[in-house]
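To start, the structure itself, in structure tokens.
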2 protein chains.
Amino acid sequence: MDSGIKRPGVTSSEVARRAGVSQSAVSRTFTPGASIAPKTRAKVLAAAKELGYRPNAIARSLITNKSRIIAVVMAYLENLFYPDVLEELGRQLAAQNYRLLLFTGSMARDSDPVFDQIMQYRVDGIILASTSLSSELSEECAAAGIPVVLFNRTTERDAVSSVTTRNREGGRRIGEFLLAGGHRRFGYIAGLETSSTNRDRYAGFAEALAEGGHTDIAIGTGNYSRADAEAAAREMLALPDRPDALFVANDHMAVAVMDVARYEFGLSIPQDLSIVGYDDVGPARWTSYGITTMSQPLKRMVDATVDILMEQISSGEIEAEHRILSGELVVRTSARVPESGVVEIDGRRVFKPKG
Amino acid sequence: MDSGIKRPGVTSSEVARRAGVSQSAVSRTFTPGASIAPKTRAKVLAAAKELGYRPNAIARSLITNKSRIIAVVMAYLENLFYPDVLEELGRQLAAQNYRLLLFTGSMARDSDPVFDQIMQYRVDGIILASTSLSSELSEECAAAGIPVVLFNRTTERDAVSSVTTRNREGGRRIGEFLLAGGHRRFGYIAGLETSSTNRDRYAGFAEALAEGGHTDIAIGTGNYSRADAEAAAREMLALPDRPDALFVANDHMAVAVMDVARYEFGLSIPQDLSIVGYDDVGPARWTSYGITTMSQPLKRMVDATVDILMEQISSGEIEAEHRILSGELVVRTSARVPESGVVEIDGRRVFKPKG
DNA sequence: AACATTTTTGCATTCGTATGCAATACGGTT
DNA sequence: AACCGTATTGCATACGAATGCAAAAATGTT
């Protein structure tokens with residue numbers, strides 16, 4: 001029962017004994033770039049295989065002071081955008097030989113207790129995707145030399161890095177699009193009112209409408225949750241002169257709003273009501289919804305996030321960096337299409353006014 | 001710059017010095033149940049707070065030989081069922097004071113390389129949710145004393161624990177339901193043909209239909225993926241005498257099939273075509289789809305999974321355990337409703353034939 | 001007050017690996 | 001064969017916390 005069957009606690013010393021070398025030699029065999037003779041290395045590898053040895057990442061972390069673990073905090077996964085992000089993060093972190101420690105479930109809403117866990121595991125980096133961190137804690141991270149990246153959100157104090165898209169421009173583009181579509185009464189279903197993302201999207205939207213001479217916008221709050229969005233939609237669509245154009249702060253809520261509009265109010269979309277969303281998440285592309293939406297370049301956002309992290313980890317310099325990407329307004333069937341400004345790019349219809 | 005500001009590598013020894021006690025005392029302060037005088041404890045806590053000390057989980061793991069980390073392997077998150085599972089797992093594991101190391105992204109499809117990572121981190125348990133593990137590897141885990149639980153799948157060799165639902169009975173119930181609805185031509189859109197879940201669901205379905213005198217079932221393969229399911233639906237619905245009743249192996253695919261049926265073939269559901277799914281995942285409840293589906297009791301499945309894990313971890317005994325739960329056939333609008341057998345429970349309509 | 005018990009404490013060691021340093025082996029030159 | 005430079009190797013120690021053990025302190029008993 002020694003060859004083939006692998007015992008739990010095979011250590012480098014056991015392998016060393018078996019191979020007739022020192023423990024150091026074993027360590028060096030498994031450390032890329034270490035000084036080790038090919039012949040010795042071969043002996044060690046043979047012994048290791050026989051015993052089923054695998055380096056103990058815990059012990060390694062202890063001495064190298066690098067865990068090769070990235071903490072990802074995502075309070076909720078209800079919105080498919082986040083699972084998609086998570087999957088891409090998993091792919092990219094694995095490619096960089098990092099592991100992903102996930103914090104999710106409601107407890108992550110208040111990130112402070114989670115934070116303690118994160119610190120205890122001496123993670124090499126932190127990605128905050130649907131939760132924020134008190135500025136106090138982000139300072140603590142900076143002090144501890146742990147890079148933090150906010151994904152799809154920012155804070156006023158720009159002490160912590162972030163990856164976002166041009167939400168304000170996105171909101172503005174949506175406003176222009178709906179104006180160009182000849183709508184008269186506008187509504188906005190908000191996400192979490194405290195989130196920077198929501199604030200910016202609305203600001204851009206209101207700006208564009210104001211320029212078109214519209215200053216009254218019906219407002220409901222969906223808190224990025226399906227249930228709240230439905231409630232907000234019910235209220236708004238029951239208004240005496242209900243909007244004929246709705247900007248919903250993300251697709252996840254837009255889907256809910258469409259269902260309410262169609263099946264509870266019997267409205268035809270887009271004949272009676274135009275709806276525009278944000279994110280371009282899976283269901284937005286499903287034929288039943290076909291949501292016209294501002295896309296967020298998920299892959300490039302993840303690229304940027306991992307990039308910032310890797311750079312800060314390797315350099316040891318934690319200087320807040322803000323990457324801001326652009327999406328495009330993908331035109332589908334949930335909103336009336338303007339006469340002009342819609343162009344076709346790579347088989348996708350996109351709203352690009354003017355030049 | 002010493003009080004308040006927290007340095008990275010505060011160790012228990014530093015805290016000990018500050019508090020005027022031994023390192024052991026510090027350790028005991030942070031070890032529940034250890035022998036420590038309240039007075040000493042208070043001194044230590046004060047010093048710890050001052051210095052911003054947090055126990056180093058890595059070092060602790062090394063000596064206790066317990067990482068308090070559970071590895072979760074989920075190859076893909078496209079199907080919302082899995083993010084929901086993940087969120088609940090996050091909640092429950094956190095409640096038990098365990099961390100969740102997530103392996104996702106395509107690389108997890110072939111679990112063997114992932115496995116190496118898992119072993120290196122000396123995780124306390126493994127949950128395999130949308131990937132399998134070669135029997136060789138599961139044996140290795142058993143030998144290493146690491147509990148493994150298959151979530152929503154099984155293997156023939158029952159050496160490894162699993163949590164599933166009665167897929168065969170579920171398939172059978174769906175067959176009965178569609179027969180009771182008076183359908184004549186049946187189709188099945190399969191998941192991954194290698195998966196136990198798919199096999200069992202189909203077996204039960206075919207069984208029920210056979211008892212009703214129907215032995216020819218049109219079959220397409222969706223591989224649990226949206227794109228494949230769409231292709232399979234296109235093919236099947238173009239058949240000269242296309243089915244009037246379709247069992248789609250999960251809701252994620254059923255949604256895609258509905259879109260194809262409605263918008264590419266102009267079919268009315270359920271007038272022209274009845275569709276039944278499996279899982280009762282979010283979109284199945286959305287009004288646009290209203291999928292009649294076999295529910296899987298997600299929360300109870302996660303309960304069982306965590307329960308098995310905790311039990312095996314604490315006992316050290318790894319004896320394969322198989323928990324099999326039941327769901328119910330939730331009746332919505334995507335399939336013709338039989339004259340009898342549909343009852344209302346807690347506001348949900350459920351198909352419960354006979355007694 | 002003297003002794004017996006119990007609680008608390010510190011010492012020293014351990015977990016498994018990485019690494020600076022000095023010692024050794026190896027390869028090539030002359 | 002003697003020598004030098006480089007490539008390998010082993011030794012010893014460090015990482016940060018947990019814990020068995022024995023010493024010390026606190027508590028209780030008579």
For segment A:12-55, I need the span (max minus min coordinate) of the C-alpha atoms along each principal axis, in Å, sorted largest to smallest.
23, 18, 14
Mean residue ellipticity at 222 nm from the helices of chain B, using -39,500 (n - 2.57) per DSSP H segment of n ≥ 4 over the full residue count, to the nearest 500 deg cm²/dmol?
-12500 deg cm²/dmol
quick note, segment A:264-355, DSSP beta bridge pairs, % antiparallel (nearest 5) is 65 percent
Under 37 °C and 0.692 mPa s, how fast does chain A diffuse according to Stokes-Einstein, given a Kirkwood radius computed over C-alpha pairs? Answer in µm²/s, whole number.
143 µm²/s
Among rounded, prolate and oblate, which fits segment A:230-278 when a ≥ b ≥ c are the square roots of the eigenvalues of its C-alpha gyration tensor, a/c under 1.5 means rounded, and a/b larger than b/c means prolate?
rounded
Could you work out the longest stretch of chain A that avoids the GluC sites (Glu not before Pro) located in DSSP loops with at most 16 other Cβ atoms within 10 Å?
A:1-155
Between rounded, prolate and oblate, where does the protein assembly as shown land on the alpha carbon gyration tensor, with a ≥ b ≥ c its root eigenvalues, rounded for a/c under 1.5, else prolate if a/b exceeds b/c?
oblate
Using +1 on the beta carbon of Lys and Arg, -1 on that of Asp and Glu, and nothing else charged, what's the dipole of segment A:1-102 about the Cα centre, debye to 20?
760 debye
Which percentage, to the nearest 5, of the DSSP beta bridges contained in the protein assembly as shown is antiparallel?
20 percent
Counting only C-alpha contacts under 8 Å and six or more residues apart, can you give the relative contact order of chain A as a whole percent?
14 percent
Any residue on another chain or 5+ positions along whose placed amide H is under 5 Å from the amide H of B:SER334 is listed here as B:THR292
In peptide B:143-156, how many Cβ atoms from other protein chains are near each Cβ within 10 Å, on average?
1
Can you compute the modelled spin-label distance between B:ALA37 and B:ARG234, with each label point 7 Å from Cα toward Cβ, in nm?
8.0 nm
Give me a single rounded figure for A:93-105: the average over its residues of other chain Cβ atoms within 10 Å of their Cβ.
6
Any lysines whose Cα falls less than 23 Å from that of A:LYS299, other than same-chain ones fewer than 8 residues away, would be A:LYS352
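With 10 angstrom as the radius, rank B:SER27, B:SER334, A:SER24 by how many other C-beta atoms surround their C-beta, starting from the fewest.
A:SER24, B:SER27, B:SER334
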Can you give the average number of partner chain beta-carbon atoms within 10 Å of each beta-carbon in peptide B:50-56, as a whole number?
3
Percent antiparallel among DSSP beta bridges confined to chain B, nearest 5, equals 20 percent
List residues of segment B:295-333, by number, whose backbone nitrogen lies under 17 Å from a label position 7 Å along Cα→C-beta of B:GLU207.
B:324-329
Counted neighbours (other Cβ, 10 Å), sorted fewest up, put B:HIS183, B:HIS252 in the order B:HIS183, B:HIS252
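Quick note: the coordinates plus some simple rules give every number you see, no bench work behind them. Remember, predicted model here, so these are calculated numbers, not experimental data. Reconstructed Cβ throughout: ideal geometry from the backbone, glycine too, with neighbour counts over all protein chains shown.
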